[in-house]
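Chemist: Take a look at the following structure, please.
Nothing in this text is a laboratory measurement; each read-out follows from the coordinates by a stated rule. What you see is a predicted model; the values in this text were computed from it and never measured. With ideal geometry, Cβ positions are generated from the backbone for all residues, glycine too; neighbour counts draw on all protein chains shown.
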Amino acid sequence: MINLDAINHERGLRGGEGMSIAQWEETSAIAMDRLCQCLGEGKSAVVDDTFSRRFLRDRCKAVALEFRAEFTVVFVDTAIEEIRSRRDANNQRPTRHHVRDDVFEDHYKTIQFPTTEEPVVRVVEGFDLQSWLTKEAARL
């Protein structure tokens with residue numbers, strides 16, 4: 001598991017408080033280095049990130065293809081109303097780190113959602129993720 005929030009934490013950064021593009025680029029570079037290491041050792045990897053821009057997904061896909069590994073975006077497609085409700089609940093009873101409102105709104109306004117041209121699995125209400133994971137594991 002390569003988690004960009006965890007990498008930020010290691011670096012003393014909190015994405016929810018806002019970070020510069022240079023800071024995010026360094027975190028992304030660290031994540032891609034770790035992905036290269038995993039794939040180079042013949043291991044599978046999950047990269048946990050919002051991948052809010054197409055170029056970030058393409059960067060990760062290029063690393064996977066360099067090692068002849070498969071690449072799939074698992075996009076948890078949650079309605080914005082549900083996300084806002086969960087953010088409100090987290091503000092009342094925190095269970096995960098806080099994301100400042102301005103940081104969240106900027107992120108939401110600029111996200112580039114995955115397209116059908118990308119290798120994407122959309123996880124929507126009713127999608128049986130466990131069955132999909134089981135089938136993928138058996139296939140690999």
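Chemist: With the checklist (1) within 22 Å of E117 (Cα to Cα); (2) out of contact with any Phe, Trp or Tyr (no Cβ under 8 Å at 6 or more places or on another chain); (3) touching a residue at least 40 places away in the same chain (Cβ under 8 Å) in hand, flag the one item G18 doesn't pass.
Modeler: (1)
Chemist: Here's another thing I want to ask about it. Across the range 71-92, what is the total count of residues that are of a type outside the set (S, T, N, Q) and touching a Pro at 6+ places or on another chain (Cβ under 8 Å)? Explain how you work it out, then say what you get.
Modeler: In the first step, residues of the range 71-92 are kept if they are of a type outside the set (S, T, N, Q); the result is 71, 73-77, 79-84, 86-89.
Cutting the leftovers down to touching a Pro at 6+ places or on another chain (Cβ under 8 Å) gives us 71, 73, 75.
Here the count works out to 3.
Chemist: Now, a different point. Residue by residue through the range 33-58, note down the ones that are surrounded by fewer than 18 Cβ atoms within 10 Å (Cβ to Cβ), free of Cβ contacts under 8 Å to residues at least 40 places away in the same chain and either touching a His at 6+ places or on another chain (Cβ under 9 Å) or closer than 23 Å to Q112 by Cα (or both).
Modeler: Within the range 33-58, F55, D58 qualify.
Chemist: For the range 102-111, state whether one or more residues are in contact with a Pro (Cβ under 9 Å, 6 or more places away or on another chain), in contact (Cβ under 8 Å) with a residue 60 or more places away in the chain and closer than 28 Å to Q130 by Cα.
Modeler: No: the range 102-111 contains no residue that is in contact with a Pro (Cβ under 9 Å, 6 or more places away or on another chain), in contact (Cβ under 8 Å) with a residue 60 or more places away in the chain and closer than 28 Å to Q130 by Cα.
Chemist: If L56 satisfies every condition in (1) farther than 21 Å from V99 by Cα; (2) among the aliphatic types (A, V, I, L, M); (3) not in a loop (DSSP other than H, G, I, E, B) but one, which is the exception?
Modeler: (1)
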